[in-house]
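Asks: Handing you a structure now.
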Amino acid sequence: MTAALIFEQLLNGVQLGVMLFLTAAGLTLVFGVMGLINLAHGALFMAGAFVCAWTAAQTGSFWIGLGAGTLAAAAMGAVVEILVIRRLYGRDHLDQVLATFALILIFSEGALMIFGAQPLWLDPPALLSGAVHLPGGAAYPIYRLAIIVAGLAAGGALWLLISRTRVGMRIRAGESDREMIGALGVDIAVLYTFVFALGAGLAGFAGAMVGPLQSVQVGMGEPVLILAFVVIVIGGIGSIRGAFVGALIVGIADTLGRVLLPMGFATIMPASDAASAGGALASMLIYLIMALVLAIRPAGLFPAQ
């Protein structure tokens, strides 16, 4: 085990954490402002990836695909909010879970009908191809570093929107007292549609950015959705800062756990058993962290005030 390997995996963990933050930020906004459990959020992540891959293949430009994937996910979010989600605000969480689970099936079948069952492949842009040399001599893909920078920039823009603009003030007020801002003349329906579309756009942007790192296929959003729920439970429901911290914790713990735990077990048991035991423990690590956080701080590390 070398310092270069640890640093490389730490960067991988940060990259995963940044992408989880973009996905979880929209999810925690929707739950914090609207009180809605949206299981279809992962499907919007998948939609952004599919539209990006298809558009890039048609135009030959990753950047056009990235913009198309983000905008398409945001537009889908707005349409879904108007046609389906708007009818669920006054219902209990079981109805919300059932309805949004049905949306997962609809999105999945729709993707199969439009794009087919074969995975799509997306190449990173030529500008971001190649690798840089890390301290210690390891080569690290430039595209992964670009994902970290782009994710942090998007997160910073989201923070400025929420904390420094009039729209953000209305979103925060809607989270605290929706009846009062309605009485003050704010159109709650428009605000909710905007928040839902914003969250969907962030998820679509994350899916489009991840596309070159893995195959774009039906069902790719479900594992991300599970991790995003873990993130917002750890960070605190409704908290953007909590989503950021929770995403970094999950991303780094998951990545380092999958690398370091098998290595650690290999010092005390045969390599095959170490790989099996280490992999099993690594897959449980983030849930153990979530359980620990809930035991100490049931509302999460940075609950929304």
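No value in this document is a laboratory result; all are computed from the given coordinates. Treat the numbers as computed from the prediction; the structure is a model and nothing was measured. Here the Cβ is made from the backbone with ideal geometry for all residues, glycine too, and neighbour counts use every protein chain on show.
Asks: Take residue 79 and residue 134, extend 7 Å from each Cα along the Cα→Cβ direction, and tell me the distance between the two endpoints in nm.
Replies: Taking the simple label geometry, residue 79 and residue 134 are separated by 4.1 nm.
Asks: Under the classification rounded if a/c is under 1.5, otherwise prolate if a/b is larger than b/c and oblate if not, where does the chain fall, given a ≥ b ≥ c as square roots of the Cα gyration tensor eigenvalues?
Replies: Since a/c reaches 1.5 and a/b is larger than b/c, the shape of the chain is classed as prolate.
Asks: Further question: Taking the simple approach of a point 7 Å from Cα along Cα-to-Cβ for both residue 4 and residue 58, what is their distance in nm?
Replies: With each label point 7 Å from Cα toward Cβ, the separation is 4.4 nm.
Asks: Here's something else I'd like to know. Pull out the extension gain between residue 126 and residue 287, defined as 0.36 nm times the separation in residues minus the alpha carbon to alpha carbon distance; nm, one decimal.
Replies: Extending this stretch completely gives an extra 54.2 nm.
Asks: At what distance in nm do the modelled label points of residue 142 and residue 92 sit from each other, each positioned 7 Å from its Cα along Cα→Cβ?
Replies: A separation of 5.6 nm, rounded to one decimal place.
Asks: Can you tell me the dipole magnitude for the chain around its Cα centre, using point charges on the Cβ only (Lys, Arg +1; Asp, Glu -1), in Debye to the nearest 20?
Replies: That gives the chain a dipole magnitude of about 540 debye.
Asks: Tell me what the chain gives for mean residue ellipticity at 222 nm when only DSSP H runs of n ≥ 4 count, each as -39,500 (n - 2.57), the sum divided by the residue total, rounded to 500 deg cm²/dmol.
Replies: Helices in the chain give a 222 nm mean residue ellipticity of -25500 deg cm²/dmol.
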